[in-house]
Each structure stands twice: as structure tokens, then as C-alpha cells.
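One structure below.
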Amino acid sequence: MLHPLARITPTAALGHYLTPTPTGFALHVSASPSNLRAARGLTEATLLGAEVAPDLVDSAQLVLSELYGNAVHACGDYVPLIAEVESAATGVWVRLHDPDRRRLPHCTGVQLDDPAAESGRGLPLMDLLAPGWDVALTPVGKQIRCLLPQSRN
């Protein structure tokens with residue numbers, strides 16, 4: 001089956017450059033609410049088109065949103081990001097690259113079920129949805145890499 005983005009030519013707009021890959025996409029963006037919506041929509045369309053289970057698609061969108069929000073929190077509005085999403089035999093890869101290699105993710109100790117917490121649930125949520133996620137330092141920043149495993153039914 002031909003990947004849903006296989007026929008799409010790379011497209012560019014202000015603050016947005018999309019490159020389809022054989023199993024997903026790479027999206028270069030300036031972080032903004034509209035580009036997050038575009039990345040979430042592209043994630044949904046790509047993964048559903050690749051016949052990924054809808055619950056895994058939802059989880060991938062959630063992880064992408066968390067990574068995106070953390071990057072904006074660490075680096076500021078309109079930070080240049082590269083979001084990559086791809087389907088694989090083992091699950092779905094979600095990767096996000098930002099330019100600040102000094103600001104690494106760190107757990108705050110907040111529990112997912114803490115009713116008083118106003119923030120700090122993101123990394124525990126990533127631990128739940130993408131166990132073993134990691135950070136790779138690159139020459140131009142860092143990339144957070146998450147594999148959301150297929151459910152074993």
C-alpha cells in the first residue's frame with residue numbers, strides 16, 4: 001500500500017516546511033498554535049492512512065503536543081522545531097527536535113493522579129505512553145525520541 005503522503009511534494013509556507021517520508025513525515029515549523037494544530041492534524045491523517053489503531057493515533061497526538069509545549073516552555077514562542085512522526089512495525093515514533101541542548105527534560109515528581117497539581121504531569125504521561133523515551137543531543141540542539149508501542153491484543 002502506498003503511504004498517504006507518498007504523492008505529496010514537500011511544501012513550504014511561512015514558518016512551516018513539510019517533507020513526506022516513506023512511513024510518515026518531517027515537519028519543520030516555527031512553534032505557534034496554528035502550526036501545532038497542523039502538526040496534530042497531519043499526525044492523525046498520516047497514521048490513520050497507514051491503518052494505525054485510532055487509540056495509538058490519539059496517544060501519538062498527545063505525546064507530540066506535550067513535546068511541542070515543553071519546547072515552547074523551554075525555548076520560547078516561535079522556536080524552530082522539527083517534528084517527525086512515522087509508523088513502524090513496533091508502533092509509532094514521535095520525535096521532536098529543538099535548538100536548546102542545555103535545557104533537558106526533568107521530572108518534577110508530580111503524580112498523574114495528583115488533583116492539586118496544575119502542571120508537571122507531562123513526563124509521567126510520556127513514561128506511560130512511550131516507555132523508554134530518550135533524549136539525543138545533536139550538534140544543533142536536542143531531539144526527544146518516543147516509541148509508542150503497538151498494543152498487544
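The values are calculated or read from the model by the stated rules, or taken from the named source; none is laboratory data. Remember, predicted model here, so these are calculated numbers, not experimental data. Here Cβ is always computed from backbone atoms with ideal geometry, including for glycine, and neighbour counts include all displayed protein chains. Please note that ligands, DNA and RNA were not included when accessible areas were found on the heavy atoms of the full protein model with its side chains. Shrake-Rupley method; radii C 1.70, N 1.55, O 1.52, S 1.80 Å.
Checked against the criterion of being free of Cβ contacts under 8 Å to residues at least 12 places away in the same chain and over 19 Å from GLN143 (Cβ atoms), the candidates PRO54, PRO22 yield just one match: PRO54. Restricting ALA6, ALA45, ALA38 to residues that are of a type outside the set (Ser, Thr, Tyr), outside any helix (DSSP H, G or I) and either at pLDDT 95 or above or open to solvent by 30 Å² or more (accessible area, probe 1.4 Å) (or both) narrows the list to ALA6. Taking the criterion of being open to solvent by 50 Å² or more (accessible area, probe 1.4 Å) and hydrophobic (A, V, I, L, M, F, W, C), the only residue of the range 57-81 that qualifies is LEU62.
For the range 87-105, give me the residue count where each residue is modelled with pLDDT of 90 or more and open to solvent by 50 Å² or more (accessible area, probe 1.4 Å). Counting residues in the range 87-105 that are modelled with pLDDT of 90 or more and open to solvent by 50 Å² or more (accessible area, probe 1.4 Å) gives 4.
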